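> Below you'll find the structure I mean.
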Amino acid sequence: MSQPTPALQLFQRDHCPLCDQALDVLAQARVPDFETVWIDDDEALEARYGIRVPVLRSADGRELDWPFDVAAVVAFIGSPSGP
């Protein structure tokens, strides 16, 4: 049996200062649990997110590209149709 997809995923890479900033923003926004998805060493994820990371993705497929702030994250989480 597979695990359910978490409500939020943060796509990021190792040694990424912008990803570190995004984690700070998520903490400030008091984002509930989310899954970290590392794009390093995954060709498909690298092709899709390589220059876009960090990217916050909801379970319904909406994506919030960097740069984002606390207000944008709160709006993204609170709105099923996106910002």
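The values are calculated or read from the model by the stated rules, or taken from the named source; none is laboratory data. Keep in mind that this is a model prediction, so the values were computed, not measured. For neighbour counting, all protein chains shown are included, and Cβ atoms are generated from backbone atoms with ideal geometry for every residue, glycine included. Heavy atoms of the whole protein, side chains included, go into the accessibility calculation; ligands, DNA and RNA do not. Shrake-Rupley method; radii C 1.70, N 1.55, O 1.52, S 1.80 Å.
> Do any residues in the stretch 59-73 that are farther than 13 Å from Cys19 by Cα have Cβ atoms under 6 Å from those of residues that are of a type outside the set (A, V, I, L, M, F, W, C) and at pLDDT 95 or above, where the two are at least six apart or on different chains, and which pairs are they?
Glu63/Arg57; Val70/Gln28
> Further question on the same structure: Can you name the residue in the stretch 26-41 that is closer than 11 Å to Arg13 by Cα and open to solvent by 60 Å² or more (accessible area, probe 1.4 Å) and is also modelled with the lowest pLDDT among such residues? Spell out how you get there, then give the answer.
Keep residues of the stretch 26-41 that are closer than 11 Å to Arg13 by Cα, which gives 36-41.
With open to solvent by 60 Å² or more (accessible area, probe 1.4 Å) added as a condition, the list becomes 38, 41.
On the way: Trp38: 97, Asp41: 93.
Only one residue fits best here, namely Asp41.
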